[in-house]
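What follows is one structure encoded as structure tokens, with my remarks underneath.
The values are calculated or read from the model by the stated rules, or taken from the named source; none is laboratory data. Please read all numbers here as calculations on a predicted model, not as lab measurements. All Cβ positions, even for glycine, are placed from backbone atoms using ideal geometry, and neighbour counts span all protein chains on display.
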């Protein structure tokens, strides 16, 4: 079922070449970060590598500060989704040969300020020069006192939450790429939810970040857990204000801001019903108000409350759509609009 | 003194933006891999990220198997140089959009076979698509039973060795780029010296790999230690057969195969005189015959025995040369030949 999705199939193909380490706790796709036991100690390492390539090449990230910020935030968010305490990050920078001094200093400032926000030190790196820029972050964390969070583990009846309102990632991409936005792109600076992830590890039955948007996250969790997700909370209580505003001003259906492959790096997680009260109290203690989305269901469907009641969303087809239109954004948006019209 | 070198100055500039982690054992440039203490355990992590960018873009690595092999070998060699036991590697692949299936399978085969050669499992990764290909490996190892090896620590009188004969990296680059080589490029498939590195950790006062060639390695060790290196062994006993053959057939002075910034990933290390016998016995026990190069000296010079006796080599100028000719290979080689002529 995982391999019904093009991206999963490609990753499975690449990974099938390699034998799995006997020290690795997670199976392929089972967690946001790789989990490695250290023989002779109680420590489990969490480690994740993430490159920022397409976002730069397609012009989605132009501001060097944002590129630096995201180089840290993307892999740090994966540490958050397994509940690890961050140790540090290594950064491989491939800079364009004609990079200006100001561009490089803004890039470094973005890395520095994201690291400070998360308490993640830059431990080292590698620098290269090329015709085209790309950035890779490899974040390292530890888990000492209990089991890590994984993507697998939720059960029907579990409550679904997100760490914050959703849809900013796709709204940002839509505003940057199309004529839907204002002259000025939306303010986009996601936060890796490390503090929340460390707390969640005590309560959540499954967790994954929305680096690829909510629908891709729920679809992947559905395929891994063999469960469905009924997102019953009305969209206006789930969506980020910027996503609601963009939908309103451009006339696109609001739920489309949950579809795109560019996400906002919030955590989506499930809590068993008997732990909900205790979890919500612990969240209040750190001044955090998670967003209730709905319930885990037995039937393998993703349901959204788009205003006219519960609606089944073809998340598999939506995830493959960007590849199927070969990354053509106009075709992508019009295909999403067709999906919406067909669902009415 | 480190910052007399262009590359060191650039790295120092980038790194000076960031605060150093209190858990980090090594200072900037002090070791081939980053060394991180794990609080509450005796374990020290060794971690290193390396990207293969210029080698692909400039056409030095065309064979996908070699690209895969080097993606593992380059950071694994840095683990070897600190004496770490490998835990695994994460690989970020940026593939060209038009990559053929055979190219990708050969790339994966190179990664797999290097991993098997070193006992390094692929733990995870990230895959992206772009106009231009690049590969990043982030290798992870541990040190449990004693102190790591660093680049700093050698003293005048220490013996200098390399793990094998040298010069293959530059000979390969010369043969690939110029008309000096045969039709067929040299056979180039370096080995990360992990087994040797683990043994060396008990004996060596300093260690560094020759990823940038011998002269850059000795120059960096000189600047870090405030010592010099007198390489008194005649070149024909130090140079790799392919380097000697290339020098002979093309007429270039053999020592130039130690100059180039593309190395062969051997270990260069120093052993205090009172430990030499014990070290050589331990090496014999693992069927390893290190190459004796010479002695550490008080004066900060690099001396080579080029046939006509000891000759001081301007390693600082040679290291900066590639940047100064803006990567122009013809100018680079002719400038090296001028350096040779001036030294006679």
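Please determine whether any residue of region A:68-81 is over 16 Å from the mean Cα position of the chain (by Cα), in a helix (DSSP H, G or I) and buried (at least 21 other Cβ atoms within 10 Å of the Cβ).
yes
Check region B:40-52 and report whether any residue there is at pLDDT 95 or above, more than 30 Å from residue A:40 (Cβ to Cβ), assigned by TED's automatic domain parsing to the domain that holds residue B:138 and buried (at least 17 other Cβ atoms within 10 Å of the Cβ). There is at least one residue in region B:40-52 that is at pLDDT 95 or above, more than 30 Å from residue A:40 (Cβ to Cβ), assigned by TED's automatic domain parsing to the domain that holds residue B:138 and buried (at least 17 other Cβ atoms within 10 Å of the Cβ). For region B:219-253, filtered to residues that are surrounded by 18 or more Cβ atoms within 10 Å (Cβ to Cβ) and under 15 Å from residue B:172 (Cβ atoms), the residue that is modelled with the lowest pLDDT is B:252. Would you check if residue B:92 is within 12 Å of chain A (Cβ to nearest Cβ), assigned to a helix (DSSP H, G or I), farther than 30 Å from residue B:299 by Cβ and in contact (Cβ under 8 Å) with a residue 40 or more places away in the chain? No, not satisfied. Considered as a group, the residues in region A:29-39 that are at pLDDT 95 or above and over 14 Å from the mean Cα position of the chain (by Cα) include one that is farthest from residue A:141 (Cα to Cα), and that residue is A:30. Of all residues in region B:118-139, those satisfying the criterion of being within 27 Å of residue A:44 (Cβ to Cβ) and either in the same structural domain as residue B:227 (by TED's automatic domain parsing) or outside any strand (DSSP E or B) (or both) are B:118, B:119, B:120, B:121. Could you check region B:111-158 and list, in sequence order, the residues that are at pLDDT 95 or above, more than 12 Å from residue B:86 (Cα to Cα) and away from chain A (no Cβ under 12 Å)? B:149, B:150, B:151, B:152, B:153, B:154, B:155, B:156, B:157, B:158, listed by residue number. For the list (1) in a helix (DSSP H, G or I); (2) crowded, with 16+ Cβ neighbours inside 10 Å, I need the number of the one condition that residue A:293 fails. Among (1) in a helix (DSSP H, G or I); (2) crowded, with 16+ Cβ neighbours inside 10 Å, the lone unmet condition for residue A:293 is (1).
Restricting attention to region A:39-62, the residues being out of contact with any helix residue (DSSP H, G or I) (no Cβ under 8 Å at 6 or more places or on another chain), within 9 Å of chain B (Cβ to nearest Cβ), over 22 Å from residue A:177 (Cβ atoms) and assigned to a strand (DSSP E or B) number 2.
A quick yes/no check of all residues on (1) in contact with a strand residue (DSSP E or B) (Cβ under 8 Å, 6 or more places away or on another chain); (2) touching a residue at least 60 places away in the same chain (Cβ under 8 Å):
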{"residue": "B:187", "(1), (2)": "no, no"}
{"residue": "B:193", "(1), (2)": "yes, yes"}
{"residue": "B:197", "(1), (2)": "yes, yes"}
{"residue": "B:203", "(1), (2)": "yes, yes"}
{"residue": "B:214", "(1), (2)": "yes, no"}
{"residue": "B:217", "(1), (2)": "yes, no"}
{"residue": "B:222", "(1), (2)": "yes, yes"}
{"residue": "B:230", "(1), (2)": "yes, yes"}
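The residues of region A:2-34 that are in a loop (DSSP other than H, G, I, E, B) and closer than 20 Å to residue A:77 by Cβ, listed by number, are A:25, A:26, A:28, A:29, A:30, A:31, A:32, A:33. For residue B:288, the conditions (1) modelled with pLDDT under 95; (2) assigned to a loop (DSSP other than H, G, I, E, B) are fulfilled apart from (1).
Within region B:151-179, the set of residues being crowded, with 24+ Cβ neighbours inside 10 Å and part of a loop (DSSP other than H, G, I, E, B) comprises B:151, B:154, B:158, B:163, B:167. Just one of (1) out of contact with any helix residue (DSSP H, G or I) (no Cβ under 7 Å at 6 or more places or on another chain); (2) closer than 30 Å to residue A:328 by Cα; (3) buried (at least 17 other Cβ atoms within 10 Å of the Cβ); (4) within 11 Å of chain B (Cβ to nearest Cβ) fails for residue A:107. It is (1).
The numbered conditions (1) more than 12 Å from chain A (Cβ to nearest Cβ); (2) touching a strand residue (DSSP E or B) at 6+ places or on another chain (Cβ under 8 Å); (3) surrounded by fewer than 24 Cβ atoms within 10 Å (Cβ to Cβ) are all true for residue B:65 except (2).
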